[in-house]
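Engineer: After the structure tokens below, expect a handful of questions from me.
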Amino acid sequence: MQITRNDVLRRDLTGTTLDPGTGGCVVLTGTLQDPFTGTTISFVRGQETSREVQVDHLVALSNAWQTGAQQLGEQRREDLANDPLNLLAVQGSANAQKGDGDAATWLPRAAYRCEYAAGQIAVKQRYDLWVTPHERDALTRILGACPGQPLPTSAGTGVPPRGGA
């Protein structure tokens, strides 16, 4: 299944209103509690406002390519790009700051770092990607501060069915 921006918005935003003309697939409004910055963003679909909330690849696709995705088959790479485990609605400017960085070059606010590091590891583990020595050091340091942090699973990252809020 191709995961779309609207699927992620329906999962990650609260108080959403959906466009009934699309069978409830398109998110018109909602509220994002941005995990990267901790800010609350009122999402309103529109040419000028939609960029305030973006969908981030937790493990950036360029980072994935550099750490083993180039060895994956086409379908497996598509799975990585569309895996709800690897997709997260975030503040647009924070997503731009992160760019294609990994845990050694960019980190979210301190309150989200444990979950962020665990998510990076879960995605890399699922797709048999490796970590660079600098990335390993950063992940080890982060997770050392939260030894009980579980790795996320697909069960907690699913998207709501289309047509329902």
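The values are calculated or read from the model by the stated rules, or taken from the named source; none is laboratory data. Everything numeric in this text was worked out from a predicted model, so none of it was measured. Glycine also receives a Cβ, built like all others from the backbone with ideal geometry; neighbour counts cover every protein chain displayed.
Engineer: With the checklist (1) within 16 Å of Phe36 (Cα to Cα); (2) surrounded by 18 or more Cβ atoms within 10 Å (Cβ to Cβ); (3) among the small types (Gly, Ala, Ser) in hand, flag the one item Ala64 doesn't pass.
Structural biologist: (1)
Engineer: Related question: Residues to consider are Ser154, Ser50; find the one that is surrounded by fewer than 16 Cβ atoms within 10 Å (Cβ to Cβ), within 20 Å of Ile3 (Cβ to Cβ), in contact with a strand residue (DSSP E or B) (Cβ under 9 Å, 6 or more places away or on another chain) and at pLDDT below 95.
Structural biologist: On the way: Ser154 fails: in contact with a strand residue (DSSP E or B) (Cβ under 9 Å, 6 or more places away or on another chain).
Answer to the check: Ser50.
Engineer: Another question about this same structure. Applying the selection to segment 91-117, what residues are under 23 Å from Phe43 (Cα atoms) and either touching a residue at least 60 places away in the same chain (Cβ under 8 Å) or touching a Lys or Arg at 6+ places or on another chain (Cβ under 8 Å) (or both)? Lay out the reasoning, then the answer.
Structural biologist: Initially, segment 91-117 is screened for residues under 23 Å from Phe43 (Cα atoms), giving 91-99, 108-109, 111-112, 116.
Residues satisfying the conditions are Gly92, Ala94, Lys98, Pro108, Arg109, Ala111, Tyr112, Tyr116.
Residue-by-condition table, conditions (1) part of a helix (DSSP H, G or I); (2) out of contact with any Ser or Thr (no Cβ under 9 Å at 6 or more places or on another chain):
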| site | (1), (2) |
| --- | --- |
| Gln75 | yes, yes |
| Ala81 | yes, yes |
| Ala89 | no, yes |
| Gln97 | yes, yes |
| Asp100 | no, no |
| Ala104 | no, no |
| Cys114 | yes, yes |
| Ala118 | yes, yes |
| Ile121 | yes, yes |
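Engineer: Can you tell me which residues in segment 9-37 are under 20 Å from the mean Cα position of the chain (by Cα), over 18 Å from Arg51 (Cα atoms) and loosely packed, with under 14 Cβ neighbours inside 10 Å?
Structural biologist: Across segment 9-37, the qualifying residue is only Gly15.
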